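Each remark here refers to the structure printed beneath this line.
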Amino acid sequence: MMENSRKMLGSTLALFALLVVARFAAKANSQDASGQKPAIVILTDANNGKSFTLNPGDSLVFRLPVRNGTGYTWQIVKSKQQIVTLQGEPSRDPPPSAMPGAAADQIFHFVAQKNGKTKLEFEYLRPWEKHEPPAKTFYVTIVVR
């Protein structure tokens, strides 16, 4: 009798573990309404001036170069938020606490929302220097279908 209880408990635990693994695997491979897994597109300064086509739900990550401690930062100057939406605040990699003048990336995360076309434009500037032109500019054209 005790032997049968152990076998049943072991089978129940194995089945439970299998269901948990299957649930997480299904979530990790989730797809959007069109049956496609959302893409993650990573852009750098090498992509300046180019066009990209995304599907709604796709992620768009910008990694733009900065120098820590100089006061310069990338700012978004043009985008249609209804087509692509900024997710949270920009971050830096490595963080600003790294050595002054050290190279880093300022990272922006967007998600494609709905069909349309937008030009995402960034300027590299010191925010307090209102009458100075940006040191650099960066833009891409995004088409969401």
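Would region 67-76 turn up any residue that is within 15 Å of residue 144 (Cα to Cα), in contact (Cβ under 8 Å) with a residue 12 or more places away in the chain and not basic (Lys, Arg)?
Looking through region 67-76, none of the residues is within 15 Å of residue 144 (Cα to Cα), in contact (Cβ under 8 Å) with a residue 12 or more places away in the chain and not basic (Lys, Arg).
Filter the strands (runs of 3 or more DSSP E) completely within region 50-145 down to those with at least 1 residues that are more than 18 Å from residue 38 (Cα to Cα).
The strands (runs of 3 or more DSSP E) meeting that bar are 51-54, 59-67, 73-78, 91-93, 103-112, 116-125, 136-144.
Bear in mind that the values in this text are calculations on the coordinates, not laboratory data. What you see is a predicted model, and the numbers here were worked out from it, not measured in a lab. Backbone-built Cβ (ideal geometry, glycine too); neighbour counts: all protein chains shown.
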